[in-house]
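Input: a single structure, listed below in C-alpha cells.
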Amino acid sequence: MAGKSGMSESRTVAFHTLGCKLNFSETSSLSRMLELEGFEKKEFDDLADVYVINTCSVTENADKECRQLVRRIQRKAPESFVVITGCYAQLKPQDIVSIPGVDLVLGAAEKFNIARHIRELAKGDPAKICSCDIEEVSGFHSSWSVNDRTRTFLKVQDGCDYTCSFCTIPMARGKSRSDRIANVVRNAEELAAGGVKEIVLTGVNLGDFGKGPDGSGATMPLSGREENFFELVKELDKVAGISRYRISSIEPNLLTNEIIEFVANSDKFMPHFHIPLQSGSNKTLGAMRRRYKRELYTERVSLIKKLMPHCAIGVDVIVGFPGETEDDFRETYEFLHSLDVSYLHVFTYSERDNTQALEISPVVPMSVRNERNKTLRNLSYMKMQYFTGQHQGQSRKVLFEHQDKNGMMEGYTDNYIRITTPWREEWVNNIVAWNI
C-alpha cells in the first residue's frame, strides 16, 4: 500500500463508474491505460492502492453518490489514493476537492493523462485539481469497453453543440467532436479479432458524427470533414467478424431516412433504435430548446415500423420540466401511449446549475414529478409486455452474455428482448436461435 512516498511502488487500481454507456467505455479505456503502466486491476470492493471514480452529471445525486463512495474507500483503505474524474469533476471540481479523502480531480482534458497524474501523487499532499476551461477541450480519445460485458461500447463521438435548456453535458464535455471513420473501422477490426460479437456505438450526440479535430487539433465542421454518421454505418457494416451493431441513442432530427432504410436492409445493424423524445408536448419541447417537434418524431417511428415491424424503439422522456402543466403531461402520456414504441427511459427533471431551465416557471413540485415518473414507468412496463407478446412463438437470435447470475444467464434478441435461461457454458458469447 502506498504511503507518503508516492506511487512508485503502487501497482493496484480499482474503478467505479457512474452514469452512461459512454462513461463505461471511457472507464474501460482508462483501466487498460493503467494496466499498460504496470497497474493490476482490482474490483472496487477489494483493497487497492488507487481508486478511480468516473462521475456523471446527469444523475440527480452526483455529489451525494461521490461522497458516499469516497467515505467507503476511507473506511476500508485510508492510505489509498482517490481520483475523481468524469462530467461532475469537470463541472464542480471545487466541490469535489473539498470532500475529505479526495487526492486528485481530473477534468475533461486531463482524464486521459491519468497515468502521469497518478505517478505524481504523494499521500499527505493537498488535494489537487487538474482541469481547464471546457472551451479549451478539443481532442478526441477513442474508448471502448472490453471484458466488462459481451456487448462492447465503442465511443465514436464526444461533446455536443446543442443548447438544450436542461442539460449540462456541453459544459462537462465540450464541443461536438468525433473520431475518423478509418480509425473507428480499425478499432472495430481489433475488437472483432478479440472475439467481440456485438458493438454498441456510443457518443453524446451520435448523429452529429463527423465533426472533429483535424491534423492541427482544430475542430472542423461536418462539411470540412466530409464524413457523417451514415457513412460510418456503411463502412462498419463491411467489417468482418462483428455480428451485431447497435446505435445507442440518436436524436430524431439526425436519424435520417437513409439511416433507417440502411438498418432495415442490414444483417449486422440490429432492428433497435433508442430515440430521445423528452416530451410529447410541443410547448415543452420548445421550452427545452429541442430541435424538432412531436410530428417529426411520429414520422421517424412510422417509417421504422413500416420497414421493420419487429423493431424495438426505446424513448427517453423527462417529466416535471419547469412549466409542465397537468395538460402538458397528459399530452405527453397520450402521445407515448399512441406511439408504437417498446420501452421508455423516464427521467425526473432535476435542477442543474447554469442552465436556462432555472429561469422557467412555475417549478413543478417534486411530489408531482415523482408521480408523473411512476405513471410513465407503468406505461413503459405495459409497452414492453405488449412488444414481447407480439413475438411469442417466433424464433429470434439471442447473443448470450458472460455473466453467471446464480446459475442463470442472460442475452438479448436482435430486437432487444431480454432472455433469461439456465447457464450453459457453450452459449457464452454465442448467438443462439431462440423460440420466444
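Laboratory data are not the source of any read-out in this text; all were calculated from the coordinates shown. Quick caveat, the model's predicted, so the values are computed rather than measured. Because the Cβ atoms are built from the backbone with ideal geometry, glycine has one as well, and the counts that use them run over all protein chains shown.
Under a plain spin-label model, where a point goes 7 Å from the Cα along Cα-to-Cβ, how far apart in nm are Gln74 and Lys305? Output for this residue pair reads 5.3 nm.
For Phe269, the residues whose amide H sits under 5 Å from its own are Tyr245, ignoring neighbours fewer than 5 places away on the same chain, with H placed 1.01 Å from N. Of the chymotrypsin sites (Phe, Trp or Tyr not before Pro) found in the stretch 320-389, none is in coil by DSSP with at most 11 other Cβ atoms within 10 Å of its Cβ.
Within the chain, the cysteines lacking any other cysteine Cβ closer than 4.7 Å to their own Cβ are Cys20, Cys56, Cys66, Cys87, Cys130, Cys132, Cys160, Cys311.
Could you give the length gained by full extension between Arg116 and His402, i.e. 0.36 nm per residue of separation minus their alpha carbon distance, to one decimal place? Contour length minus Cα-Cα distance gives 99.6 nm.
Considering only beta bridges that DSSP places wholly inside the stretch 10-160, some 10 percent are antiparallel.
Principal axis extents of the C-alpha atoms in the chain (largest first, rounded to whole Å): 65, 57, 50. Distance from the C-alpha centroid of the stretch 287-306 to that of the stretch 234-283: 14 Å, rounded to the whole angstrom. Look at the Cα gyration tensor of the stretch 12-132: its axes a ≥ b ≥ c give a/c under 1.5, and that counts as rounded. Per-residue ellipticity at 222 nm computed for the chain from its helices equals -10000 deg cm²/dmol, with DSSP H segments shorter than 4 residues left out and the rest contributing -39,500 (n - 2.57). Average projection, convex hull of the Cα set of the stretch 143-389: 14.0 square nanometres. Using Cα springs under 10 Å in a Gaussian network model of the chain, which residue among Asn23, Asn282, Asn183 shows the largest mean-square fluctuation? The residue that fluctuates most here is Asn183. When you restrict to C-alpha pairs under 8 Å that are six or more residues apart and normalise by the size of the chain, the relative contact order lands at 10 percent. In this label model, Lys128 and Arg418 are separated by 4.2 nm, measuring between points 7 Å along each Cα→Cβ vector.
Each of the trypsin sites (Lys or Arg not before Pro) that DSSP puts in a loop and that has at most 10 other Cβ atoms within 10 Å breaks the chain; the longest unbroken stretch is 5-237. When the Cα positions of Val363, Gly393, Asn373 are compared along the charge dipole of the stretch 358-399, Gly393 comes out farthest toward the positive end, with charges on each C-beta of Lys, Arg, Asp and Glu. Could you tell me which of rounded, prolate or oblate describes the stretch 395-435, using a ≥ b ≥ c as the square roots of the eigenvalues of the alpha-carbon gyration tensor, with rounded for a/c under 1.5 and, failing that, prolate when a/b is larger than b/c and oblate otherwise? Here the stretch 395-435 falls in the prolate category. Along the stretch 393-405 the Karplus relation, 6.51 cos²θ - 1.76 cosθ + 1.60 evaluated at θ = phi - 60°, assigns HN-Hα couplings of x, 8, 9, 10, 8, 10, 9, 8, 9, 6, 5, 9, 9 Hz to successive residues, with x for each Gly and Pro. Classify the stretch 117-213 from the C-alpha gyration tensor, please: rounded if a/c falls under 1.5, else prolate or oblate depending on whether a/b exceeds b/c. Verdict is oblate for the stretch 117-213. Mean projected area of the Cα convex hull of the stretch 334-418, taken over all directions, amounts to 9.2 nm².
On full extension, the segment bounded by Arg289 and Glu261 gains 7.3 nm, given 0.36 nm per residue less the C-alpha separation. Rounded to the nearest Å, what's the spacing between the alpha carbon centres of the stretch 368-407 and the stretch 116-131? Just the number, please. Here the two parts' Cα centres lie 44 Å apart.
In this structure the amide hydrogen of Asp316, modeled in the peptide plane, comes within under 5 Å of the amide hydrogens of Ile275, Leu277, Gln278, His345, none closer than 5 places in sequence on its chain.
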